[in-house]
Amino acid sequence: MAREAQGVLCYITTTTVASTSIVLGEVVGFSGPGMSANVIDVTNLASTAKEKFVGVYDGGNITLNLNCMATDSGQQKAREVLASRSKSALIVQLSGSTTTHKIVLEGYVSGLNVTGAVDSKLAEDITFAISGGVSWSN
């Protein structure tokens, strides 16, 4: 059964202490994490069919879509860690009608794109390149 996204909060921090986490304000959507693993062909001449192993998985990327707010402390922190090339932690808290789940990852802000147009809002996309694994918790 599909889950309804009733609330998403995103936190960014450069430490592992949760109390120093800063909420990324104005998040309107996200995509990812896009996890994948390479498939390694280990077929040999004695094989009767293709034989495969799966390599180490890559956490991929996660992109957050936001209403751009230059004064938002979370968006400011994302710009800072991009400029300083600092590793940061990202927590995506997914709240449903009865439960809350968290996607927790570490990585680097690898992209920040601001878009605007006539008669439209100022939007921002922040992309995190995930370093290491991704954990899912309740």
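Read the figures in this text as sums done on the coordinates, not as results from a lab. Keep in mind that what you see is a predicted model, and the values were worked out from it rather than measured. Note that we place each Cβ from the backbone using ideal geometry, even for glycine, and neighbour counts take in every protein chain shown.
Things worth noting here:
- Hey, residue 135 in a strand (DSSP E or B), in contact (Cβ under 8 Å) with a residue 12 or more places away in the chain, exposed (fewer than 13 other Cβ atoms within 10 Å of the Cβ) and under 12 Å from the mean Cα position of the chain (by Cα) or not: yes
- Subset of the stretch 87-99 [β-branched (Val, Ile, Thr) and either surrounded by 13 or more Cβ atoms within 10 Å (Cβ to Cβ) or in contact with a Cys (Cβ under 7 Å, 6 or more places away or on another chain) (or both)]: 91, 92
- Residue list for the stretch 26-63, filter: part of a loop (DSSP other than H, G, I, E, B) and either of a type in the set (Ser, Thr, Tyr) or at positive phi (or both): 26, 32, 43, 47, 48, 60
- Residues considered: 90, 66. Of these, the only one that is in a strand (DSSP E or B), in contact with an Asp or Glu (Cβ under 8 Å, 6 or more places away or on another chain) and farther than 17 Å from residue 131 by Cβ is 66.
- Scanning the stretch 113-138 for residues that are in contact with an Asp or Glu (Cβ under 7 Å, 6 or more places away or on another chain) and under 16 Å from residue 75 (Cα atoms) turns up 113, 114.
- Looking only at residues of the stretch 40-86 that are of a type in the set (Lys, Arg) and surrounded by 13 or more Cβ atoms within 10 Å (Cβ to Cβ), we find that the one that is nearest to residue 113 (Cα to Cα) is 79.
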